[in-house]
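Chemist: Take a look at the following structure, please.
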Amino acid sequence: MKTLTKEMQAAITPEMALNLLQEGNKRFINNLKINRNLLQQANETSDGQHPFAVVLSCIDSRTSVELIFDQGLGDVFSIRIAGNIINEDILGSMEFACKVAGSKFIVVLGHSKCGAIKGACDHVEMGNLTDLLSKIQPAVYDEKTETENRNSSNSEFVEKVAVINVKRTVNAIMQRSPILREMIELGEIGIIGANHDIATGEVVFYENTLIIN
Ligand SMILES: [Zn+2]
């Protein structure tokens, strides 16, 4: 796998970008990691980077984007924050990645057994975490199918809230970033939500992420 150049990045369509991530995850779950010379890649990217995708994921130590999508240096912009939520700084980072640096795809990646989602389900309040978890609360309230044990002891509830949180985040990116919205509507970039199963390593991409049912 070659280090991305500006020309290689320019030739990648949004569909191809998604495919690169899907193929990388397939390699990861089959333990067929590409043998990269990272030192050489560091040298090759030292004068500039041309990542093909930007991935917003959780800080969880088991969800490292470069590992689970088997990517090298210079391949992906990685934004990580507990609960894969957005704020203006994160939107600005995505706008830089796509509008300035040429990335072709945005992935909002949630994961199973997420501590931040569990914290929101339990309405945890602690220091600055309170404000962060308040950004996940709407997903907790949007989950209507579980009527009992609406807390972290109910693993099905937690997983359902995680899915809703990802879909809400994708929608919020469209609503709060006119720059990204226009690029998506013009087909210049793509956006999708996904979930990473931390037990199997598999990433499932949601179809029609923009439509919340
Ligand atoms: Zn998490």
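Chemist: Select, from Gly83, Gly115, Gly72, the only residue that is within 13 Å of the ligand (Cβ to nearest atom) and open to solvent by less than 20 Å² (accessible area, probe 1.4 Å).
Modeler: Answer to the selection: Gly83.
Chemist: Select from segment 1-28 the residues that are touching a residue at least 12 places away in the same chain (Cβ under 8 Å), part of a helix (DSSP H, G or I) and farther than 17 Å from Val55 by Cβ and list them in ascending order.
Modeler: Answer for segment 1-28, where residues must be touching a residue at least 12 places away in the same chain (Cβ under 8 Å), part of a helix (DSSP H, G or I) and farther than 17 Å from Val55 by Cβ: Lys6, Met8, Ala10.
Chemist: Hey, another quick one. Away from the ligand (no atom under 13 Å from the Cβ), open to solvent by 10 Å² or more (accessible area, probe 1.4 Å) and either among the small types (Gly, Ala, Ser) or touching a residue at least 24 places away in the same chain (Cβ under 8 Å) (or both): which single residue out of Ser78, Ser103 fits that description?
Modeler: Ser78
Chemist: Can you name the number of the only condition in (1) open to solvent by less than 30 Å² (accessible area, probe 1.4 Å); (2) closer than 29 Å to Phe28 by Cβ; (3) touching a helix residue (DSSP H, G or I) at 6+ places or on another chain (Cβ under 8 Å); (4) not aromatic (Phe, Trp, Tyr) that Val170 fails?
Modeler: Unmet condition: (3).
Chemist: Mind telling me which of the residues Leu129, Leu133, Leu186 ends up being crowded, with 22+ Cβ neighbours inside 10 Å and over 17 Å from the mean Cα position of the chain (by Cα)?
Modeler: Leu133
Chemist: Give me the pairs: first residue in segment 52-65 and more than 9 Å from the ligand (Cβ to nearest atom) and of a type in the set (A, V, I, L, M, F, W, C), second residue open to solvent by 10 Å² or more (accessible area, probe 1.4 Å) and assigned to a loop (DSSP other than H, G, I, E, B), beta-carbon distance under 6 Å, and six or more apart or on different chains, which are they?
Modeler: Matching pairs, first to second residue: Phe52/Ile12; Phe52/Lys104.
Chemist: Could you list all residues from segment 28-55 that are within 14 Å of the chain's Cα centre (by Cα), farther than 18 Å from Asp197 by Cβ and not small (Gly, Ala, Ser)?
Modeler: Scanning segment 28-55 gives Phe52, Val54.
Chemist: Now, a different point. Has segment 197-213 got any residue that is assigned to a helix (DSSP H, G or I) and either modelled with pLDDT of 95 or more or open to solvent by 80 Å² or more (accessible area, probe 1.4 Å) (or both)?
Modeler: Checking segment 197-213: not a single residue is assigned to a helix (DSSP H, G or I) and either modelled with pLDDT of 95 or more or open to solvent by 80 Å² or more (accessible area, probe 1.4 Å) (or both).
Chemist: Residues of segment 136-153 being touching a Lys or Arg at 6+ places or on another chain (Cβ under 6 Å), among the small types (Gly, Ala, Ser) and outside any helix (DSSP H, G or I), which ones?
Modeler: Once the filter is applied, which keeps residues that are touching a Lys or Arg at 6+ places or on another chain (Cβ under 6 Å), among the small types (Gly, Ala, Ser) and outside any helix (DSSP H, G or I), segment 136-153 yields only Ser152.
Chemist: All but one of (1) under 20 Å from His111 (Cα atoms); (2) free of Cβ contacts under 8 Å to residues at least 24 places away in the same chain; (3) of a type outside the set (Gly, Ala, Ser); (4) not in a helix (DSSP H, G or I) hold for Glu156; state the number of the condition that does not hold.
Modeler: It is condition (4) that Glu156 fails.
The values are calculated or read from the model by the stated rules, or taken from the named source; none is laboratory data. Note that the structure is a prediction, hence the values are computed from the model and not measured. All Cβ positions, glycine included, derive from the backbone under ideal geometry; neighbour counts span all protein chains shown. Surface areas here come from the heavy atoms of the whole protein model, side chains and all, with no ligands, DNA or RNA. Shrake-Rupley method; radii C 1.70, N 1.55, O 1.52, S 1.80 Å.
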